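The values are calculated or read from the model by the stated rules, or taken from the named source; none is laboratory data. From a predicted model like this one, the values you see are computed outputs, not experimental measurements. Cβ placement follows ideal geometry from the backbone for every residue including glycine, while neighbour counts extend to all protein chains displayed. Each accessible area value is taken on the protein alone, full model and side chains, heavy atoms only, with ligands, DNA and RNA left out. Shrake-Rupley method; radii C 1.70, N 1.55, O 1.52, S 1.80 Å.
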Amino acid sequence: MLRALLAEALGTMLLLATVVGSGIMGQALSPDNTAVALLANAAATAGALYVLITILGPISGAHFNPAVTLAMKLHGGLDTRTAAAYVLVQCAGAIAGVLLAHAMFDLPLFQPGVRARTGSAQWLSEGVATFGLLLTIPLGLRHRAQAIPALVASYIFAAYWFTASTSFANPAVTLARALTQTFAGIRPLDVPAFIGAQLIGAILALLVARILLTPATTPSPEPP
């Protein structure tokens with residue numbers, strides 16, 4: 001249990017350090033080109049996810065995301081106590097990752113977000129982003145478990161670009177990104193609606209996954 005919690009905290013911390021740090025670097029190197037900054041941000045995040053899921057997955061399952069932990073809990077893979085502990089260390093690790101990114105770039109450690117991310121398009125984007133992620137994981141585990149690191153990394157890379165919100169898709173990430181005024185930031189005021197949309201997307205994904213993964217029944221032949 002302690003090893004799993006350490007893996008979840010460490011993985012989530014490094015994920016957030018990557019998300020925020022690559023955003024800072026991308027914007028610093030391309031201050032007049034948001035597309036290049038977003039490309040750098042997306043590529044770094046996808047690369048880090050692939051590595052972190054590969055090396056920490058065998059230890060904790062590499063959730064790094066309360067929505068994923070909730071899905072595992074509902075599927076019976078985690079008991080309530082373990083799931084709650086996972087969520088707690090994920091949130092703590094995410095906050096530590098933001099502070100680490102600030103420290104690496106010599107920025108003020110504590111800086112509440114100021115970037116507005118609100119409105120129906122943003123909320124729909126977060127629902128779609130989380131729906132896709134939570135559909136990718138159970139179907140990937142069923143059909144090609146060894147490809148999960150690549151599947152999740154690829155989906156998140158794509159979702160950075162096809163969603164208006166740039167795909168937070170993670171309540172712990174959303175909470176932590178409210179503590180930065182950098183490229184990856186979000187206003188604290190906008191966090192509750194983002195998390196609500198993420199949870200709705202996650203629940204819908206679980207319902208769809210259950211339908212898709214239910215074995216088809218073959219009718220019994222009629223007696224002669």
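Kindly list the number of the only condition in (1) of a type in the set (A, V, I, L, M, F, W, C); (2) modelled with pLDDT under 95; (3) open to solvent by 60 Å² or more (accessible area, probe 1.4 Å) that fails for LEU151.
(2)
Which condition does LEU135 not pass, out of (1) under 20 Å from ALA176 (Cα atoms); (2) in contact (Cβ under 8 Å) with a residue 12 or more places away in the chain; (3) part of a helix (DSSP H, G or I), if it passes all the others?
Every listed condition holds for LEU135 apart from (1).
May I ask you to verify whether ALA9 is within 22 Å of ALA96 (Cβ to Cβ), assigned to a loop (DSSP other than H, G, I, E, B) and open to solvent by less than 60 Å² (accessible area, probe 1.4 Å)? Steps first, please.
On the way: within 22 Å of ALA96 (Cβ to Cβ): yes; assigned to a loop (DSSP other than H, G, I, E, B): no; open to solvent by less than 60 Å² (accessible area, probe 1.4 Å): yes.
So ALA9 does not fit the description; no.
Please verify whether region 206-221 includes one or more residues that are at positive phi and open to solvent by less than 10 Å² (accessible area, probe 1.4 Å). If you could, list the steps in order and put the result at the bottom.
The first filter runs over region 206-221 and keeps only residues at positive phi, leaving none.
Scanning region 206-221, I find no residue that is at positive phi and open to solvent by less than 10 Å² (accessible area, probe 1.4 Å), so the answer is no.
Please name all residue pairs, on different chains or six or more residues apart, with Cβ atoms under 7 Å, provided the first residue is in region 154-171 and is under 14 Å from ALA43 (Cβ atoms) and the second residue is assigned to a loop (DSSP other than H, G, I, E, B) and open to solvent by 10 Å² or more (accessible area, probe 1.4 Å).
Every condition considered, the pairs that remain are TYR160/THR166.
Residues to consider are LEU56, LEU78, LEU16; find the one that is part of a loop (DSSP other than H, G, I, E, B) and touching a Gly at 6+ places or on another chain (Cβ under 9 Å). Can you show your working first?
Working: LEU56 fails: part of a loop (DSSP other than H, G, I, E, B); LEU16 fails: part of a loop (DSSP other than H, G, I, E, B).
None of the others qualify; the one that does is LEU78.
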